[in-house]
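A short write-up of the structure that comes next.
The values are calculated or read from the model by the stated rules, or taken from the named source; none is laboratory data. Quantities reported herein were computed from a predicted structural model and do not represent experimental measurements. Here the Cβ positions follow ideal geometry from the backbone for every residue, glycine too, while neighbour counts run over all protein chains shown. All accessible areas refer to the heavy atoms of the entire protein, side chains included, with ligands and DNA or RNA removed. Shrake-Rupley method; radii C 1.70, N 1.55, O 1.52, S 1.80 Å.
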Amino acid sequence: MTIAIALIAVAIVSLLAPAVLKPLLTRMGVVDIPNMRSSHTIPVIRGGGLAPLLAVAVGYAILLPHFETKDGFGILVCILGVSAASGLLGWLEDYKGLPVLVRAGFQLGIGLGGTFAVLAMSDEGWWMLPLYGIGIAGYINVANFMDGINGISGLHGAVVGITYATIGMLLEMPWLASAGGIIALAFVGFLPWNLVRARLFLGDVGSYLLGGGLAIIAVSALVRGAPLVAIIGPLAIYLADSTITLARRVVRGEKWFEAHRTHVYQRLTALGLSHLQVAAIVSVASVGCGVFGIQSVVDNGIGGSWVAWLGIVAIVVAYLSLPTVLARLRIGKGALPGATSMGKA
């Protein structure tokens, strides 16, 4: 009953808070100015990710005092801590701006601190501390890089959160089911403000919250024995798009740290697909990868794991190839249907 109340509260806060936050952010001058990475052309108020951040805090405030297991309580505290720290760092970037090295240092500190806390409550080896710590910092940036069109981040939070909640129920990990549900509804509640028409952007506070929150949930699940393929599955599209794009830019000798529009999802919008269409493509592909991950939990064996990996790889390859395929179709048959709606997630 408590988790149901917490989830309802999360959805309500995330949905309603932007109505209060938007005029405050307007007066504070927290505005997203278009740059080379942007898919919008006019300044829009950002920092709307404060709403999901507040929703997450409210959800855990309701849930934690009544959580049944001490072990699960400790993990949820770690997840809340990393999620909140990531979101607050993003807010500083939105409001004041931070030098790249300072930002990266804080991201790494959050990742290492969260991993240290999770490992301290387990029997796993400390050799994983740098690996998982860098992984958390890395996914904060992945979520930020992918936050470039309307609705994509909100849908990603929903897809991954629901997938993790399902895996948590299958593995009888109530803390994982709870954490997945909270982050899913925190971003679902924000979608009406950003999915079809961008009235408010998540900003770095929202993308950092998304990346840090999902990454610490993933690390906690892996440390507690969840199958790697199941946890990586719903993250695979975001990871592949960011990794391949970064590698391509490095190989070409480009300044990889500068703003650009060469991610797969950005290339799809450049071909004429609307933000909603592209966000849907990314989300459906992530759902497919997540389903294969869930299947590996249901079919808990070597065969099930291999099938899951092969299925995920196939979906990732198809997604990465999509801009090339659609470009060739466009050349042969004319422009693709769907006008681009300018905006940022």
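Going through the stretch 118-145 one residue at a time, which ones are modelled with pLDDT of 95 or more, within 22 Å of Arg249 (Cβ to Cβ) and hydrophobic (A, V, I, L, M, F, W, C)?
The answer is Ile134, Ala137, Ile140, Val142, Ala143.
Let me spell it out: the conditions are (1) buried (at least 20 other Cβ atoms within 10 Å of the Cβ); (2) touching a strand residue (DSSP E or B) at 6+ places or on another chain (Cβ under 9 Å), and Ala226 meets all of them except one. Which number is the exception?
(2)
Before we move on, is Leu155 within 21 Å of Gln107 (Cα to Cα), in a helix (DSSP H, G or I) and under 15 Å from the mean Cα position of the chain (by Cα)?
Numbers: within 21 Å of Gln107 (Cα to Cα): no; in a helix (DSSP H, G or I): yes; under 15 Å from the mean Cα position of the chain (by Cα): yes.
It is false that Leu155 is within 21 Å of Gln107 (Cα to Cα), in a helix (DSSP H, G or I) and under 15 Å from the mean Cα position of the chain (by Cα).
Which residue out of Leu131, Leu80, Leu98, Leu92 is more than 30 Å from Leu273 (Cα to Cα), in contact with a helix residue (DSSP H, G or I) (Cβ under 9 Å, 6 or more places away or on another chain), assigned to a loop (DSSP other than H, G, I, E, B) and open to solvent by 10 Å² or more (accessible area, probe 1.4 Å)?
Details: Leu131 fails: assigned to a loop (DSSP other than H, G, I, E, B); Leu80 fails: assigned to a loop (DSSP other than H, G, I, E, B); Leu92 fails: assigned to a loop (DSSP other than H, G, I, E, B).
So the residue among Leu131, Leu80, Leu98, Leu92 that is more than 30 Å from Leu273 (Cα to Cα), in contact with a helix residue (DSSP H, G or I) (Cβ under 9 Å, 6 or more places away or on another chain), assigned to a loop (DSSP other than H, G, I, E, B) and open to solvent by 10 Å² or more (accessible area, probe 1.4 Å) is Leu98.
Any chance the stretch 188-199 includes a residue that's among the β-branched types (Val, Ile, Thr), open to solvent by 10 Å² or more (accessible area, probe 1.4 Å) and not in a loop (DSSP other than H, G, I, E, B)?
Of the stretch 188-199, the ones among the β-branched types (Val, Ile, Thr) are 188, 196.
Imposing the further condition that a residue be open to solvent by 10 Å² or more (accessible area, probe 1.4 Å) reduces the set to 188, 196.
Pick out the ones that are also not in a loop (DSSP other than H, G, I, E, B) and you get 188.
Checked against the condition, which is being among the β-branched types (Val, Ile, Thr), open to solvent by 10 Å² or more (accessible area, probe 1.4 Å) and not in a loop (DSSP other than H, G, I, E, B), the stretch 188-199 yields at least one hit.
For the stretch 47-71, enumerate the residues that are surrounded by fewer than 21 Cβ atoms within 10 Å (Cβ to Cβ) and either touching a strand residue (DSSP E or B) at 6+ places or on another chain (Cβ under 7 Å) or assigned to a helix (DSSP H, G or I) (or both).
Leu54, Ala57, Val58, Ala61, Ile62, Leu64, Pro65, His66, Lys70, Asp71
Being of a type in the set (Ser, Thr, Tyr), open to solvent by less than 20 Å² (accessible area, probe 1.4 Å), in contact with a Leu (Cβ under 9 Å, 6 or more places away or on another chain) and part of a helix (DSSP H, G or I): is that true of Ser220 here? Working first, answer last.
Numbers: of a type in the set (Ser, Thr, Tyr): yes; open to solvent by less than 20 Å² (accessible area, probe 1.4 Å): yes; in contact with a Leu (Cβ under 9 Å, 6 or more places away or on another chain): yes; part of a helix (DSSP H, G or I): yes.
For Ser220, the condition - of a type in the set (Ser, Thr, Tyr), open to solvent by less than 20 Å² (accessible area, probe 1.4 Å), in contact with a Leu (Cβ under 9 Å, 6 or more places away or on another chain) and part of a helix (DSSP H, G or I) - is met.
Counting only residues that are closer than 17 Å to Ser83 by Cβ, touching a helix residue (DSSP H, G or I) at 6+ places or on another chain (Cβ under 7 Å) and not polar (S, T, N, Q), how many does the stretch 104-120 have?
Adding up the residues that qualify gives 9.
Yes or no, residue by residue, for (1) farther than 30 Å from Leu101 by Cβ; (2) exposed (fewer than 15 other Cβ atoms within 10 Å of the Cβ):
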{"position": "Val250", "(1), (2)": "no, yes"}
{"position": "Glu254", "(1), (2)": "no, yes"}
{"position": "Ala285", "(1), (2)": "yes, no"}
{"position": "Gly288", "(1), (2)": "yes, no"}
{"position": "Gln295", "(1), (2)": "yes, no"}
{"position": "Val313", "(1), (2)": "yes, yes"}
{"position": "Val325", "(1), (2)": "yes, yes"}
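Restricting attention to the stretch 267-282, which residues are part of a helix (DSSP H, G or I) and buried (at least 21 other Cβ atoms within 10 Å of the Cβ)? Step through it out loud before you land on a result.
Of the residues in the stretch 267-282, the ones part of a helix (DSSP H, G or I) are 267-270, 275-282.
Within the stretch 267-282, Leu268, Thr269, His275, Val278, Ala279, Val282 qualify.
Being under 19 Å from Tyr265 (Cβ atoms) and among the polar types (S, T, N, Q) is the filter here; which residues of the stretch 220-242 pass it?
Across the stretch 220-242, the qualifying residue is only Ser242.
Scan (1) closer than 25 Å to Ile294 by Cα; (2) at pLDDT 95 or above; (3) surrounded by 18 or more Cβ atoms within 10 Å (Cβ to Cβ) for the single condition Met169 breaks and write down its number.
The failed condition is (3).
If Leu235 satisfies every condition in (1) among the aliphatic types (A, V, I, L, M); (2) buried (at least 23 other Cβ atoms within 10 Å of the Cβ); (3) over 14 Å from Val159 (Cβ atoms) but one, which is the exception?
Every listed condition holds for Leu235 apart from (3).
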